[in-house]
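The values are calculated or read from the model by the stated rules, or taken from the named source; none is laboratory data. Given the structure is predicted, the values throughout are model-derived calculations rather than measurements. Heads up, the Cβs are rebuilt from the backbone with ideal geometry, glycines too, and the neighbour counts pull from every protein chain shown. We work out accessible area using only protein heavy atoms, side chains counted, and drop any ligands, DNA or RNA first. Shrake-Rupley method; radii C 1.70, N 1.55, O 1.52, S 1.80 Å.
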Amino acid sequence: MLPTHSLSRPRTYWAFGGPLILGALPGLRFGVGATLRLGPSLLAALLATAVIMGPALYLLWGLTGAQGSLDEVRRAFADALTAAGRVHVGFAPAVLLLAATVSHREHALVFGLAAFLGGLLVGAVRLWRALQPGASRGHAAAVLLPWLVACAIVGCRLAGQFVLPIVSGKAV
């Protein structure tokens, strides 16, 4: 039986656990405080982007004439976050190995952020596939590609605002 909520408990663990892990692992090179703050900062950037851009996707999807209800778009969004989180967790051993063996601690952060972006790319593909039956291929591209660019801009700015103070040592 399918869960009634789009982010049931196990799916929530996948969706939110991945960014927590990928933030914490490179943080090991920056100290205990950074380790404890980097994971939640990536999660906060992801959640803030989802809260801002999720409704925008639904509005774009509906205003451009695609078929699909709010529940379908919400489920597709939840599936995308879950897929991204699973990839994040899958990248965790590689990020831990690379974070532990690089000579410069900033490189550890680059590996963690690259794995984070790789997971989000998989999530974007999952979102594309989930929403495509409600529209033609061209329509889905016309809506999702600008939306993904906007998500990347918002998400990268938020991640930068959260992560840079922590790694520079100027965090409160």
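Key figures
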| quantity | calculated |
| --- | --- |
| Per residue, in Å², the accessible surface of the chain once ligands and nucleic acids are set aside, probe 1.4 Å | 55 |
| Charge dipole (debye, nearest 20) of the chain; +1 at Cβ of Lys and Arg, -1 at Cβ of Asp and Glu | 160 |
| Relative contact order (%) - the chain, alpha-carbon pairs under 8 angstrom, separation at least six | 32 |
| Share of carbon and sulfur in the accessible heavy-atom surface of the chain [1.4 Å probe, %] | 70 |
| Shape category assigned to segment 94-172 from the gyration tensor of Cα positions, a/c cut at 1.5 | oblate |
